[in-house]
Amino acid sequence: MSAVLPPASPAKPTPAAANAAAASFAALTARLDYLDAGDIDAVRKAYRFADEVHLGQMRANGEPYITHPIAVAAQCAEWKLDAQALMAALLHDAIEDCGVTKHELVERFGPSVAELVDGLTKLDRLQFNTREESQAESFRKMLLAMARDVRVILIKLADRTHNMRTMDDVPREKWSRISSETLEIYAPIAHRLGLNATYRELQELAFKYLKPWRYAVLSKAVSRARSRRRDLIQKVQRDVEQAFETAGMQLRIAGREKTLYSIYRKMHEKHLSFAQVTDIYGFRIVVPEVIDCYTSVGVLHQLYKPVPGRFKDHIAIPKVNGYQSLHTTLVGPSGVNVEFQLRTEAMHLVAESGVAAHWLYKSSMPEGEAGERLGTKWLQSLLDIQNETRDAAEFWDHVKIDLFPDAVYVFTPKSQILALPRGATVVDFAYAIHSDVGDRTVAAKINGAQVPLRTELKNGDVVEVVTAPVSTPNPAWLGFVRTGRARSKIRHHLKSLAQAESQQLGEKLLTQALRAEGVEKLPPDDEENHGTWEKLLRFTGNRTRAELLTDLGLGKRIASIVAKRLMNLLAERGHRPDALLISRERFTAHENVSQGAVVLDGSENASVQFASCCRPVPGDSILGYLGRGEGLVVHCEDCSVAKRLQHKDAERFIGVEWADDPVRPFETAIQVTVTNGKGVLARVAAALASAEADITHVDMDDQRTQDATDLRFVISVRDRQHLDSVLRNLKRVPSVMRASRTRPGH
């Protein structure tokens, strides 16, 4: 039996009518009163185009898809963004979901709108190895577009906020992924840019869908506490209003409740029960002038006793994202702690809207000051990091570090304040001043005292950096730097250094391989030989001669194969190989390698590694292995690891030999067996020092109960002869039973 439905009441529109209203431009018109008629027409034109391309598409809840772009544009209108941003908000899914091209958007709406939409478009159509790689590349593109134009991220945050508000309509299996992404990425970006209202809402919604049960339990607990403490909160508000009236001061006071997510995080991090979280409720006081903020603190401290150590002045020293307020916690009635935030109207606007306040409140602050304060330094640093980091996942790692919200405030010797993430070191400080200062840092002083470069900075430290023109970044710094800027600058410098050295090694390898083919030296990259190099690069797949030589040095290409191809190309132009050179090269070349020997003197740094399995030193018979992408690895000739590699990968071995005068000492490993007794280690170390061997590492067995102990050292020696004299010196020490060189790969 079917039931007959009553006719729809005019007061309650049907779902279809409600959808039609939400999907119409009228839903947006009321919010656009700050734009002029021409701008409103441009936005209407974008709406019509979006409506047309999304026609027939539905959201998960059955509403027409256009309701989503309208909601995103409405949020952007709340921030008073300009017409171009609103047009991009309406069109933000047009490229991704509707097959509209960027070129078409340029023709219809101009390059600025098209650039904004392109910055927002995900990279779904590109092929990535993993979902994570796709995500990292997508965020990289979005963040770079945002660094060039902050409106990109404002539209993206409006888009994510509306998606989170309508999460109930999304299949439950997607809740965790979307909420985690929101909590880990979008909420911190909102916070970094000072959009605190959006930051809190995104955190709250993400918490609700990530941990629904905990959210529900906490929600009930807060609701009960709210009703229990209503009288207390009202009494505090009355007392404060009365005190300000007596002092003859104007104020606007509003209650402020801690968000459920921040309560949950505090309970989780500090292992507290709900009853132990005391600062759930607080008040926000908005006063006319900056001086009134400080006067108000005096009024409040007369009214209630302050909690020691809980006063913070974020007006004199604003937070990294531009936030300014005075914070003080007072002991209210019944011994309950109540937090107060005091700020001016302009500060309140920046506190809630961050970079969006640039549009909302343009008249209140000079352009330069607003730009400087509201996160533009961080946006610029994104571009700097990108210049040195081409890998999307690495770029995203750097950025995530900089989204860390806590900051320490330190001073330069000239009293300029710098804000750095908590845990930042002296090296981070140096790179924050300038990349050249960071690259050339050799020492530092904090508050006048000499400190190691890895020292973590504390609030109020005065930091002085000492530089030297010849100094370069140390790879060990990557183990302790905290900021993305410092990390990317150090990595970039090390990559550039390795690349230059690999290029030199590659040129040496190719020259020697070419000599084996009967050509004395590489043809120069001049007008006469340009065509030959072009053909060779097409054969190897490299873009430039420098890139080819770098690949040879890194072992990504085999020099003998490239040399044979180059010889063929030269032969086509009439070059004849030198038979005498061929026979001389073959006669002197190593019997089991394919090309002439590379001479090593220890100055090769990053392009040549000495294998840790056998630790060769000058005087040892050696072989060179061109590992794929890791440059030249030098092994002892009798090393078992090298023998296994030769059996499997013979064509990657090249002849190497020691220079007559190596420019530095080389590390090798020794084992010293000693009888246990007092001062033995000191005597062994003294013997090594008297033999002029530096100790770089020491390790010993934990066998104090036995008669003898093995001491394992890694020491630096000049050559085999020096090593032999070191071992002889050790054997003369009374407590030493045995001393020998150790080679695990032998």
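The values are calculated or read from the model by the stated rules, or taken from the named source; none is laboratory data. Worth saying up front: this structure is predicted, and the values here are computed from it rather than measured. Methodologically, a virtual Cβ is constructed for each residue, glycine included, from the backbone with ideal geometry; neighbour enumeration extends over all protein chains shown.
Some points to look at:
- Helices (runs of 4 or more DSSP H) within region 495-593 that include 1 or more residues among the hydrophobic types (A, V, I, L, M, F, W, C) and modelled with pLDDT of 80 or more: 530-540, 545-554, 559-572
- Test: THR198 is under 25 Å from TRP79 (Cβ atoms), of a type outside the set (Gly, Ala, Ser) and free of Cβ contacts under 8 Å to residues at least 40 places away in the same chain: no
- Scanning region 695-715 for residues that are modelled with pLDDT of 90 or more and touching a Ser or Thr at 6+ places or on another chain (Cβ under 6 Å) gives a single hit, VAL714.
- Yes/no for GLU137 being assigned by TED's automatic domain parsing to the domain that holds THR182, at pLDDT 80 or above, over 23 Å from TYR34 (Cβ atoms) and in a helix (DSSP H, G or I): no
- As a summary of the residue check, ASP231 satisfies the conditions (1) over 23 Å from LYS319 (Cα atoms); (2) touching a helix residue (DSSP H, G or I) at 6+ places or on another chain (Cβ under 8 Å); (3) modelled with pLDDT under 80 except for the one numbered (2).
- ARG48 vs. criteria outside any loop (DSSP other than H, G, I, E, B) and modelled with pLDDT under 85: no
- Qualifying residue in region 452-460 (condition: modelled with pLDDT under 80, of a type in the set (A, V, I, L, M), over 22 Å from HIS191 (Cα atoms) and not assigned by TED's automatic domain parsing to the domain that holds LEU195): no
- Of the residues VAL641, VAL599, the single one that is among the aliphatic types (A, V, I, L, M), loosely packed, with under 15 Cβ neighbours inside 10 Å, modelled with pLDDT of 75 or more and in contact with a strand residue (DSSP E or B) (Cβ under 8 Å, 6 or more places away or on another chain) is VAL599.
- Filter result for VAL633 (assigned to a strand (DSSP E or B) and at pLDDT 90 or above): no
- Set THR425, THR467: member being among the polar types (S, T, N, Q), at pLDDT 85 or above, under 20 Å from LYS319 (Cα atoms) and surrounded by 14 or more Cβ atoms within 10 Å (Cβ to Cβ): THR425
- When the residues of region 647-662 are filtered to those that are within 19 Å of ASP601 (Cα to Cα) and among the charged types (D, E, K, R), the one that is surrounded by the most Cβ atoms within 10 Å (Cβ to Cβ) is GLU657.
Condition check ((1) of a type in the set (Lys, Arg); (2) buried (at least 20 other Cβ atoms within 10 Å of the Cβ)) across all residues:
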position: LEU510; (1), (2): no, yes
position: ASN529; (1), (2): no, no
position: GLU534; (1), (2): no, no
position: LEU552; (1), (2): no, yes
position: ILE561; (1), (2): no, no
position: LYS564; (1), (2): yes, no
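- Number of the exception - ARG485 against (1) part of a strand (DSSP E or B); (2) under 17 Å from PRO421 (Cβ atoms): (1)
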